[in-house]
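Written below as structure tokens is the structure these notes are about.
The values are calculated or read from the model by the stated rules, or taken from the named source; none is laboratory data. In this text the structure is predicted, and so the values were computed from the model without any measurement. Heads up, the Cβs are rebuilt from the backbone with ideal geometry, glycines too, and the neighbour counts pull from every protein chain shown.
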Amino acid sequence: MSKKVEKCVFILSDKLPPGLALNCTALLGSSLGAHYPELIGEDYKDADDVFHLGLLSLPIVILKANEGELIQIRHNALELEKTKCIDLTNISQEAMKYNDLIQRASKTRFSAFKYIAVSLFGDSGEIGDLTKNLKLY
């Protein structure tokens, strides 16, 4: 990512039960950290000299949206210049193995995906424009 990440939001379906919502945040966070390791803060030690691994170095706001809002946000994210998107779809939720996800996604048109969660990270202005009407999860 060429520009510094200023903001990160996770937007979850308002229909997700708590366990699946937690799972979605774990998947989005781990994918974000894997693709952008520079967002992970340095490891540190506490006052007792106990070692702690670095965490994501920026806050994450968790919002909720209905199915139509998630679709619109994901599609609008394609037009953004300074913001990236990670998505979780019905296919990613149903696939038991990652290869199943890849195979099923390759046979599914973009317009047919149903979104259960998305993460936007990058420019705070672009993200704010897309999410200003959403409520906290």
- request: Please specify each residue of segment 61-77 satisfying the condition of being at pLDDT 95 or above and acidic (Asp, Glu).
  value: 69
task: Determine which single condition residue 43 fails, assuming it passes every other condition in (1) surrounded by fewer than 13 Cβ atoms within 10 Å (Cβ to Cβ); (2) touching a Cys at 6+ places or on another chain (Cβ under 8 Å).
output: (2)
query: modelled with pLDDT under 95 and assigned to a helix (DSSP H, G or I): does that describe residue 38?
result: yes
- request: Scan 32, 80, 88, 58 and give me the residue that is touching a helix residue (DSSP H, G or I) at 6+ places or on another chain (Cβ under 7 Å) and at pLDDT 95 or above.
  value: 88
- prompt: Could you say whether any residue in segment 13-21 is under 24 Å from residue 123 (Cα atoms), surrounded by 18 or more Cβ atoms within 10 Å (Cβ to Cβ), under 10 Å from the mean Cα position of the chain (by Cα) and touching a residue at least 60 places away in the same chain (Cβ under 8 Å)?
  reply: no
query: Do you know which residues across segment 1-21 are under 15 Å from residue 63 (Cβ atoms) and part of a helix (DSSP H, G or I)?
result: 21
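I'm checking my understanding of the structure. Among residues of segment 46-77 that are assigned to a strand (DSSP E or B) and without any contact (Cβ under 8 Å) to a residue 40 or more places away in the chain, which one is surrounded by the fewest Cβ atoms within 10 Å (Cβ to Cβ)?
Among them, the one singled out is 51.
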- prompt: Which residues, taken from segment 78-137, are surrounded by 12 or more Cβ atoms within 10 Å (Cβ to Cβ), hydrophobic (A, V, I, L, M, F, W, C), touching a residue at least 60 places away in the same chain (Cβ under 8 Å) and assigned to a strand (DSSP E or B)?
  reply: 88, 116, 117, 118, 120, 121
